[in-house]
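Please read the structure below before turning to the comments.
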Amino acid sequence: LARLAEARTALRRPEPHQGDPVLVALCDAAQRFPIPMRAFDELIDGCAADVEGVSYERFGSLLAYCRCVAGSVGRLSLGVFGTSDPGTAEPLADALGVALQITNILRDIREDRLAGRIYLPAEDLERFGCTLDMDADGEFTDPPDRLAELVRFEAERARTWYEHGDRLVPMLDRRSAACTAAMAGIYRRLLARIAADPAGALSTRLSLSRWDKTMVAARSLTGAQL
């Protein structure tokens, strides 16, 4: 938390510390591109919530976290990518970040729980009769069918955010669109795997093979349907 506070202070200085090449580069980029520097504050807020182990009672609270830790990155990236209609594009970049973060949360349920963290909203756990408690062997004690329903519910929620955020891609230049589509495509494919096999997602950290990632990236570069 102290390091995050230092980073926040450093970002607010009018001139970067010459000993930190990252801040020097960021200052230069911010002078040449309309980077929304306030988004870094939100990103730091999200990181601080991670460190503190904040839990979320309702989806609205989790959504605020997702916008801080991931939507902010979408808006920062958009500042570099550029668009002719930032007023419309910024919320879409934010939505795509939310979709990516929900996917991350679903991928890391087990890993986070072992670290003492639960990101899924308490209201959703209650809705599906789950606690995410674990036994001495690190296995979830909730009935597998309830856990599967919970995961699929959250996956459908993420898909809705992807559908909204995908509207950003046509608003970008070809190179930026390819980058954005590749990232979204990789994560959407990961989300599909999680939804298809909730038990597998809850027992290990799912990931795509290098081949799968390469194919998604190639399709985005050629403008093919993801």
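The values are calculated or read from the model by the stated rules, or taken from the named source; none is laboratory data. Quantities reported herein were computed from a predicted structural model and do not represent experimental measurements. Counting neighbours? That spans all protein chains shown, and the Cβs are built from the backbone with ideal geometry, glycine included. With ligands, DNA and RNA removed, areas are computed over all heavy atoms of the protein, side chains included. Shrake-Rupley method; radii C 1.70, N 1.55, O 1.52, S 1.80 Å.
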Roll a 1.4 Å probe over the protein chains and send me the accessible area per residue for the chain in Å².
54
When the helix-only estimate is applied to the chain (DSSP H runs of n ≥ 4, each -39,500 (n - 2.57), divided by the residue count), what is the mean residue ellipticity at 222 nm, nearest 500 deg cm²/dmol?
-21500 deg cm²/dmol
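Taking the Cα centre of the chain as origin, sum charge times position over the Cβ atoms of Lys and Arg (+1) and Asp and Glu (-1), and report the length of that vector in debye to the nearest 20.
Working: 28 positive and 33 negative charges, 201 e Å.
So the dipole magnitude of the chain works out to roughly 960 debye.
Ordering Asp50, Asp20 by how much accessible area each has at a 1.4 Å probe, largest first, what is the list?
Working: Asp50 30, Asp20 55 Å².
So, going from the largest accessible area down, we get Asp20, Asp50.
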Quote the Stokes-Einstein diffusion coefficient, in whole µm² s⁻¹, for the chain, based on the Kirkwood radius over alpha carbon pairs, a temperature of 20 °C and a viscosity of 1.002 mPa s.
113
Relative contact order of the stretch 172-217, defined on C-alpha pairs under 8 angstrom at six or more residues apart (%)
52
Could you please state how large a percent of the accessible area of the chain is carbon and sulfur, counting protein chains only and using a 1.4 Å probe?
54
Spacing of the two label points (7 Å from each Cα toward its C-beta) at Leu114 and Asp135, in nm
1.7
I want to check the label-to-label distance for Val22 and Arg8. Put each point 7 Å from Cα in the C-beta direction and report it in nm to one decimal.
1.7
Take every Cα-Cα distance within the stretch 64-187, group them into 5 Å bins from 0 onward, and report for each bin the whole-number percent of pairs it holds.
2, 11, 19, 20, 14, 11, 9, 7, 4, 2, 0, 0
Could you give each residue of the stretch 26-41 its phi-based ³J(HN,Hα) in whole Hz, using Karplus coefficients 6.51, -1.76, 1.60 with θ = phi - 60°, and x for Gly or Pro?
5, 4, 5, 5, 5, 7, 9, 10, x, 7, x, 4, 4, 5, 5, 4
Let me have the relative contact order for the stretch 36-187, percent, based on Cα pairs under 8 Å that are six or more residues apart.
27
Extension gain (nm, one decimal) between Ser203 and Leu1, 0.36 nm per residue minus Cα-Cα:
69.7 nm
Can you figure out the FRET efficiency of Arg38 with Asp212, using R₀ = 30 Å and their beta-carbon distance, to the nearest 0.05?
0.25
